[in-house]
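Structure record follows, encoded as C-alpha cells.
Just so it is clear, none of the values below were taken in a lab; they were calculated from the coordinates. A quick note: this is a predicted structure, and the numbers were derived from the prediction, not measured. No Cβ is skipped: glycine too gets one built from the backbone with ideal geometry, and neighbour counts run over all protein chains shown.
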Protein chains: 2
Amino acid sequence: MNVTIKDVALKAGVSIATVSLVVNNNNRISSETRKKVLKTIKALNYYPSRSARDLVSKKTGNIGFILTDDHFLRTEPFYTKIFLGAEFEAREGEYYILLTTVKADFTASDPLPRFIRDKSVDGIIIAGKVPPKLIEKLGNNSMPVVVVDYQMENKNYSHILIDNIHGGILATEHLIQNGHKKIGFIGGDINHPSIYERLNGFNKAHERANIIPDNNRIKTNTGYPDRQNGYNLARELFTSNKNITGVFACNDAMAIGVMHYLKDNNYKIPQDVSLVGFDDVEADLLLDPPLTTVRVPKIELGAEAFRVLVSQLKNNKIQPKKILVPVEILVRNSTKKIQ
Amino acid sequence: MNVTIKDVALKAGVSIATVSLVVNNNNRISSETRKKVLKTIKALNYYPSRSARDLVSKKTGNIGFILTDDHFLRTEPFYTKIFLGAEFEAREGEYYILLTTVKADFTASDPLPRFIRDKSVDGIIIAGKVPPKLIEKLGNNSMPVVVVDYQMENKNYSHILIDNIHGGILATEHLIQNGHKKIGFIGGDINHPSIYERLNGFNKAHERANIIPDNNRIKTNTGYPDRQNGYNLARELFTSNKNITGVFACNDAMAIGVMHYLKDNNYKIPQDVSLVGFDDVEADLLLDPPLTTVRVPKIELGAEAFRVLVSQLKNNKIQPKKILVPVEILVRNSTKKIQ
DNA sequence: ATGAAAGCGCTAACAT
DNA sequence: ATGTTAGCGCTTTCAT
C-alpha cells in the first residue's frame, strides 16, 4: 500500500479520525473540512485499505457466489448472466464477489467452499439447483444466504425466483390461442421446483381454456435438462403420441433438442409443430427457426439477489424475503396459428 | 471473527508468535510444539484472519481475472472453463479470484476495474482479446499480469498461449491427408494473433504438402468469430468458389455457422464437404455430425496462468515467461477421406 | 466539530 | 526453540 489515512490527515491538516469520518460520510464533519479532506484524498489518490478496514469492522466486504459446475459450464450463458448481474451491482457497492463452483452431486464428505470455511465472505448467493447436502452442511453457518432461481422449503433464506407458473401459463396460452389443443410438455426433473411450476402453469392454462391435458403428453425424467435430454424426451413424446401440434419445452436447451428431433424426423417447425421454449438464451445461437420463448431477465435476477443480500447485511436482522421476478413471452417464428 | 490466534496460544500454552510460526510452516518450531499447536488449532477450528494477515503483509491474497463481456457471455463455455481452471488452482493456494468483465470496446475514459483502482488484488490474469486501451491504462500499474490466449508485443507480461500454429497445421494436414486439395479457411479478425497463427499453420501445412493455397479461399473479416459470422463467411466462400471439398474454421463457433450454411444449401457433411473446427467446445452441443476439431485444454490454460502468476508474486522479480500449451486433433465425423 | 488513543488479529524483528 | 513487542491502517469510543 502506498498512501494511507495518515498521509491524507497530514496533508489536509486534520486528524486521521476526521479523515475516517469523511470517508465514511459521517455528517458530524463541517462541510468545509469535508471539502478540504475530499480534495486531498483526490490529490493523493487515496483509497482506504480494505484489510485494515475489514480488520476493525469484522467484515470482509466479500460475498460468495456458489454455482454447481454443470450450471456454470452450461452451454448457454444463463447462470453466467445471473452472476454478471450480481457483479454489476457489486461494483456500485463496496463489495467483491467470490465465485466458486461445487459439484452438482455434492456429498456430505465434500468440503464446504473455502470462503465459507475461513469466513472470507459476509454472505452467500446460491444460484440454480442447490445440492441438498450443501444446504445441510451450511445449516450450522450463520451467514445470510440468498437463493436465486431455486426454491427451498422452510428455510431462513431469501429467494429470488422466476415467476415460473405465470411463464408456463404464458407459453401454453400462446399455443392455445393459436389453435393448438394437443400440446406436449417436455420437462427435466419434475422434482425441480422450477419445472414443477412450469408444468403447473401448463396445466392451469389448459384448465382456463377448458382443455383436459393428456398426461401421456407430459414427458419428464430425472436427467439434466439439456439438449440431449430434450431430444430423447421428444422421441418419447412423438413415438407414443400422434397428431401433437404444439410443444412447450421447459427450457430453451431442451427446446433445441426437440428441434433437432423434429428435423431428424421430417417435421417442419412451425408448419407441423409449434414449439415454445423458456429462458431466452437464443441470441447468437443461430436457431432456425428463431424460437418463441419465455424471456427471463437474468441480469436482473442476479442484481436483485445482490441487493437483497446486502440489505440483510446492513440491517443485520435477517428477514427472509421471497421476490418473484416477472417474465414475458417473446413470440418468434417457431410457433404459428392453426385453423 | 470468533477464535483468534490468542485463543489458540492460550489453550496450547504457547505464545502467539509460536502459533503464527506453526501456521506459516516455519521450521524453527520443535515438532512436539508444532503437533500440540496443530491439535488445538483443529480443536478450536481456528482459521487465521485474512484481513489481519493481509494488513501486516501488505498483500491481499486476491488475484483479479479480467474478461471482456463478449467473451464471458460466449455461447460456448470456453473462457468460463479457463476461469474455472484458475479457480481450481487458487483453491489449492491461499488465493481468491475476483472475476470482472470489461467492455470489449473499452475506451480510455472507461474506469479500470475497481479491484485495480483500490488495489484489492496482488496480480491480474487477462484472458482472450485484451482491449488495447485497457493495456495502455494499465501501463502505470506495477502489478504482475499474466495474459491467457492472447499475444501482446514487447510487454512485461507473461503469456499462456495455445499452440495455434501447430493446431492450424494439425487441422489442415488432417484434411490434406484425407485427400483434400481445395481447402477453405474461415477466420474472424486476421489481426487477432490467434487467428493469424492458425492461418499461418494452414499455409504451412499446404507448403509442406506442396500445395499452393488459393487466397480466394481464405475468408476473414473484422467481426466477432461467432456462428453468425461463420455463416456469413461460408456464404462468401462457397459463392465465390466451386468445388471446395474441405473447410478449416478457426474456431468451433464459426464451424457451426459453416455447418448451418452447408445444410441450408444442401451440402452434405462430410460427403460433400469435410469440416474442421478449433477449440473443442462441442460437448453438449448436439452437433450433427460431430465435429472434427483441435482440442484446446481450457482448464489447463487457466491453471497454468494462475501458477505462473503466483510464482511471480512469490519471487517478486518479474521474469516474464511465455508458455505454449500443446493441442491435439480430435477426429470425429465431420471429415472423411476422398479419393 | 474535531482529536487522542485504544485496539482489531496478525507477522516479524529482536530478545531470551 | 520460544516469547515479547512493535506496528500494519483503520474505526470508534471518549474527550475536548
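Points to keep in mind about this one:
- Percentage of interatomic Cα-Cα distances in the stretch B:38-192 larger than 25 Å: 44
- With its label point put 7 Å out from Cα toward Cβ, A:P320 sits 5.3 nm from the same residue's point in the other copies, in order from shortest.
- Set of aspartates and glutamates with alpha-carbon distance to A:K242 below 16 Å, sequence-local pairs under 8 removed: A:D214, A:D272
- Each helix, a run of at least 4 DSSP H residues, gives -39500 (n - 2.57); summed and divided by the residues of chain A, these come to -12500 deg cm²/dmol at 222 nm.
- Normalised contact order of chain B, rounded percent, pairs of Cα under 8 Å and 6 or more residues apart: 18
- For the residues of A:81-94, the average number of beta carbons from a partner chain within 10 Å of their own beta carbon is 2.
- Cβ crowding within 10 Å averaged over residues, with B:253-260, A:181-188 ranked highest first: B:253-260, A:181-188
- Least to most buried among B:E76, A:E173 (fewest other Cβ within 10 Å first): A:E173, B:E76
- Two-decimal log10 I(q)/I(0) for the stretch A:140-234, as the Debye equation yields it once each C-alpha is a single scatterer, q = 0.13, 0.16, 0.19 Å⁻¹: -0.52, -0.73, -0.93
- Evaluated at q = 0.19, 0.20, 0.27, 0.29 Å⁻¹, a Debye calculation over the C-alpha positions of the stretch B:5-57 (equal weights, vacuum) places log10 I(q)/I(0) at -0.58, -0.64, -1.09, -1.20.
- Per the axis that maps chain B onto chain A, nearest residue of B (Cβ criterion) and its distance in Å: B:S51, 2
- Label-point distances for B:S142 to the equivalent site in the other copies, using a point 7 angstrom along Cα→C-beta, read 4.0 nm when ranked shortest first.
- Shielding of B:98-104 by partner chains, average beta-carbon count, 10 Å: 4
- Whichever aspartates and glutamates have a C-alpha closer than 12 Å to that of A:K137, once near sequence neighbours (fewer than 8 apart) are set aside: A:D110
- Placing +1 on the Cβ of every Lys and Arg and -1 on the Cβ of every Asp and Glu, with nothing else charged, gives the protein assembly as shown a dipole about its Cα centre of roughly 2180 debye.
- Under 19 Å of direct C-alpha separation, and excluding same-chain neighbours fewer than eight residues apart, B:K35 reaches these lysines: B:K6, B:K11.
- Computed over the stretch A:199-238, the quotient of the alpha carbon radius of gyration and 2.2 N^0.38 Å is 1.34.
- Averaging the sequence gap over all C-alpha pairs within less than 8 Å and six or more residues apart, then dividing by the number of residues, gives the stretch A:1-75 a relative contact order of 31 percent.
- The radius of gyration of the Cα set in the protein assembly as shown, together with its Dmax, comes out at 28.1, 87 angstrom.
- Distance from the alpha carbon centroid of the stretch B:126-153 to that of the stretch B:40-57 works out to 34 angstrom.
- Using a 7 Å Cα-to-Cβ projection, A:V56 label spacings across copies, nm, ascending: 2.0
- For the stretch A:62-157, the set of GluC sites (Glu not before Pro) satisfying both a DSSP loop assignment and a count of at most 10 other C-beta atoms within 10 Å is given as A:E153.
- For the residue pairs A:K321/B:K133; A:K81/B:K133; A:K336/B:K263; A:K155/A:K219; A:K103/A:K321; A:K298/A:K337, alpha carbon separations beyond 32 Å are given by A:K321/B:K133.
- Interchain or long-range residues, amide H under 5 Å from A:V130's placed H: none
- Footprinting exposure proxy ranking of A:V276, A:V37, fewest other C-beta atoms within 10 angstrom first, gives A:V37, A:V276.
- Shown here is the pair-distance distribution of chain B: with all Cα-Cα distances grouped in 10 Å bins from zero up to the longest one, the shares run 5, 23, 25, 19, 13, 8, 5, 2, 0 percent.
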